[in-house]
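One structure is given below, encoded as structure tokens.
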Amino acid sequence: MDLQQVTTAMAAAVGDNSGLGKTLKFDFGAMGRIFIDGASSPNTVSNEDNAADCTLQLGWDDFLSMSQGKLDPTMAFMQGKLKVLGDMSIAMKLQPILAKLRG
């Protein structure tokens, strides 16, 4: 999957109301970003590099593994593969969205 395909799938998983209540950004470095505006109504998902209440920094391959359920987010964090900047409580609300990504 490429960034656009994942962004489209993320938008479907987020829907009109992600339950986040805040903004969140996945930062994949050179691969790009996925920005979830969970504060807007309806929620939106884009590839913009906006400021976010919580930013998750991780490699593209690690994100794909995490979204497929092959890499546990807690383990990724403990192994230094995932960095959380800002409000960590927002990142804790991601499990249902990642579960929807898996189908």
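Things worth noting here:
- Neighbours by Cβ (under 8 Å, 6+ apart or cross-chain): first from the range 12-40, over 16 Å from Leu56 (Cβ atoms); second open to solvent by 20 Å² or more (accessible area, probe 1.4 Å) and of a type in the set (A, V, I, L, M, F, W, C): Gly21/Ala39
- Of the criteria (1) in contact (Cβ under 8 Å) with a residue 40 or more places away in the chain; (2) closer than 14 Å to Leu94 by Cα, which one Leu64 fails: (2)
- Listed by position, the strands (runs of 3 or more DSSP E) contained in the range 6-103 that have at least 2 residues being surrounded by fewer than 19 Cβ atoms within 10 Å (Cβ to Cβ) are 44-46, 82-86.
- The single condition among (1) at pLDDT below 95; (2) out of contact with any Ser or Thr (no Cβ under 7 Å at 6 or more places or on another chain) that Ser46 does not meet is (1).
The values are calculated or read from the model by the stated rules, or taken from the named source; none is laboratory data. Please read all numbers here as calculations on a predicted model, not as lab measurements. Neighbour counts run over all protein chains shown; Cβ positions are idealised from the backbone, glycine included. These accessible areas exclude ligands, DNA and RNA; they are computed on the full protein's heavy atoms, side chains included. Shrake-Rupley method; radii C 1.70, N 1.55, O 1.52, S 1.80 Å.
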